[in-house]
Amino acid sequence: MFSAQVFVSMLVVTIALHVILGAVAYSVMLERKIASWVQNRIGPNRTGFDFGQPFLPKFHFWGLGQPLADGLKLFLKEDYTPPNVDKVLFIIAPMLAVVPALIAWAVIPWGGYWDFPGLTVFGTEIAQPGMAVVTVAPINIGILYFLAVGSLAVYGVVIGGYASNNKYSFLGGLRATAQMLSYEIPLGVSILIIILMFGTARTDLIVLNQAQGILGWNIVWMPLLAVIFFTSQLAEANRTPFDLAECEQELVGGFHTEYSSMKFALYFLAEYAHIVTGAAFFTLLFLGGWSIPFYVGQAAAGGLPLVLLNVGVFAFKMFLIVALVMVIRWTIPRFRFDQLMQLAWRCLIPVSLILLLAAAVLVALKVPAIHWWMLGVNVLTFIGLVVIGPKVPKGPPVNRKIPLEGSRFSPLTTS
Amino acid sequence: MLTLATASEFSHYVPLAVLLVMALIFGVANLVLTHVIGPSRKGKVKGTTYESGVNPIGTARRRFNVRFYIVAMTFLLFDVEIVFLYPWASVFSSLAEDSGLTPVFLGRCLFFILTSIIAFAYAWRKGVFRYD
């Protein structure tokens, strides 16, 4: 009835959507735990699965009930829509944020190829046997889908900020738009370089090209590109040190200042889903996807045990990246807005264009051992950055005093 | 063997549609449920715009800095360029050796990137990327 690929894809949709939602909930918990470890605290360790109800058995489970309790609390809060907002946009904006975040991972090949044996229930054939990619959509546009859906994430933020009719929200939405647009360019160029090197946009083939132990991984041969991609991904997900859109000291809550209850929670969920998806794409593009480090003869296709092993390897690498993102949040202070934009336009974009030109010429010349050449280009570009970077003419100093005009604290108006 | 799993069939988009529907249902169900379950109390002060506890001054629908507009325009320049380069990138390394097309493809794309670089340099020179 179904072909093997469609059946496996349906299976992956059902399982992975729930696993991702659970992972998002527990990454909030992981974030709080890592924050407390960085700050020499213990962190949440009290909430079990009894939620304070006396009729449920009391176990603490190391605080693992905390995400569920948080979600429940947000459900029970008041869903307040202020009277002076743009009502329709105000209500659909959180959905515009969460839907792209929840469908962006559709092209990730979680577990390689499954030699699907077919499924027959009571003599009726439900799924034919065949070879299937363990992914939602093994489409040939592949990684382009990630860019297309990732761009849609801007709408939720900017429409939410505009509809709130609040100055903090408006500024937060504007900043988020400028930031996401700017960092999409280095992100797109670094993906373009990978496509150019491998000659395909299909995600499973990109992983298959890297699956030769750790020496096949892109991060070994293109470390500078990996850094550019990771930085842009952080900025795309609005994460510290680039969370200018919601920085508490300047803009209260940024674009979600006026949101409450589950509408706020959807924004929150979208942010963490972006982190998880970004980690998955970093794993896919640079860490060799499902390939096991230091093991060369890995079979590309196999039965269910191999698929489960592959999924485990993929998820472990994703977990390491998510943990790194969280440690970065509690280690590096926030950028200023002009620094943020200058980092994108004056550093990341020119550097990624240089790497793109070098990759194009290397591919055209069909040089042998192109990986070594690419490593050389990366290292040379990095050295060039360190040498040339300080010599680029700087603008005038930005930390000058701005006169307070029109404020009631201004000396101009009191006199 | 692996070519069996290749993708150019339209049926591969069906699970994607299912995923989209599931995500939409998740969003709508959350919004509706919390609206039904949660309490609802309205008040005059509660409805005012939040401005750190001070009475709101003016409206939020006002002019904003023109730099955001310039960023959007410069973004369009590069994003359109990148989108045009994707088909080129995916076929470039698999061009036939003896067809003689490689220098032509490379030359045209280098020219295409060069036009963007000129525009980028012009914008840099005009001080678009200076946020002082």
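Laboratory data are not the source of any read-out in this text; all were calculated from the coordinates shown. What you are looking at is a predicted structure, and each value in this text was computed from that prediction instead of being measured. All Cβ positions, glycine included, derive from the backbone under ideal geometry; neighbour counts span all protein chains shown.
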Cα-projected label distance for A:VAL88 with A:ILE332, points at 7 Å along beta-carbon direction, nm: 4.1
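How many times 2.2 N^0.38 Å is the alpha carbon radius of gyration of the range A:226-326?
Against the empirical 2.2 N^0.38 Å value, I get 1.37 for the range A:226-326.
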- request: Mind giving me the nanometre distance, one decimal, between the label points for A:GLN339 and B:ILE25, set 7 Å out from Cα along Cα→Cβ?
  value: 4.7
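Sum up the charges of everything whose Cβ sits under 12 Å from the Cβ of B:ASN30, counting Lys and Arg as +1 and Asp and Glu as -1, but leave B:ASN30 out. Don't skip to the answer; put the middle values down first.
Working: positive: A:LYS263; negative: A:ASP79.
Neighbour charge sum, excluding B:ASN30 itself: 0.
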message: Given Cβ point charges of +1 (Lys, Arg) and -1 (Asp, Glu) and nothing else, what value in debye, to the nearest 20, does the dipole of the range B:14-126 about its Cα centre take?
response: 1200
statement: Counting Lys and Arg as +1 and Asp and Glu as -1 over every other residue whose Cβ sits under 14 Å from the Cβ of A:PRO186, the net charge comes to -3
statement: Cα pairs beyond 33 Å in the protein assembly as shown, in percent, come to 47
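Set the Förster radius R0 to 25 Å, insert the Cβ-Cβ distance between A:CYS347 and B:VAL80 as r into 1/(1 + (r/R0)^6), and round the FRET efficiency to 0.05. Could you put the intermediate results ahead of the total?
Working: r = 22 Å, r/R0 = 0.88.
Efficiency for this residue pair is about 0.70.
For the range A:1-84, which chymotrypsin sites (Phe, Trp or Tyr not before Pro) are in a loop by DSSP, counting at most 11 other Cβ atoms within 10 Å?
Of the chymotrypsin sites (Phe, Trp or Tyr not before Pro), the ones in loops of the range A:1-84 whose Cβ has at most 11 other Cβ atoms within 10 Å are A:PHE55, A:PHE59.
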task: Mind checking the range B:83-132 for trypsin sites (Lys or Arg not before Pro) that DSSP puts in a loop (not H, G, I, E or B) and that have at most 10 other Cβ atoms within 10 Å?
output: B:LYS126
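Counting each pair of different Cα atoms once, what's the Kirkwood radius of chain B in Å, rounded to one decimal?
Numbers: mean 1/r = 0.0453 Å⁻¹.
Every distinct Cα pair counted, the radius reaches 22.1 Å.
Among the DSSP beta bridges whose two residues both lie in chain A, what percent are antiparallel, rounded to the nearest 5? Provide the component values of the computation, followed by the final result.
Values: 7 of 10 bridges.
The antiparallel fraction comes to roughly 70 percent.
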query: Quick one: if you stick a label point 7 Å off each Cα along the C-beta vector at A:THR124 and A:TRP62, how many nm between them?
result: 4.4
30 Å Cα-Cα reach of A:LYS73 towards lysines, excluding residues that sit fewer than 8 places from it in its own chain: A:LYS33, A:LYS58, A:LYS87, A:LYS167, A:LYS263, B:LYS42, B:LYS44, B:LYS46
- prompt: Taking a point 7 angstrom from the Cα of B:SER52 along the C-beta vector, which residues in the range A:150-194 have backbone N less than 13 Å away?
  reply: A:167-168
message: Below 20 Å, Cα to Cα, which lysines can A:LYS394 reach? Residues fewer than 8 away in the same chain don't count.
response: B:LYS126
query: Where the Cα atoms of the range B:70-132 are projected onto their three principal axes, how long is each span, largest first, in whole Å?
result: 53, 18, 12
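I'd like the chymotrypsin sites (Phe, Trp or Tyr not before Pro) in the range A:90-155 restricted to DSSP loop residues with at most 14 other Cβ atoms within 10 Å, sorted by number. Walk me through the intermediate numbers first.
Working: sites: A:PHE90, A:TRP105, A:TRP110, A:TYR113, A:TRP114, A:PHE122, A:TYR145, A:PHE146, A:TYR155; in loops: A:TRP110, A:PHE122.
Passing sites in the range A:90-155 are A:PHE122.
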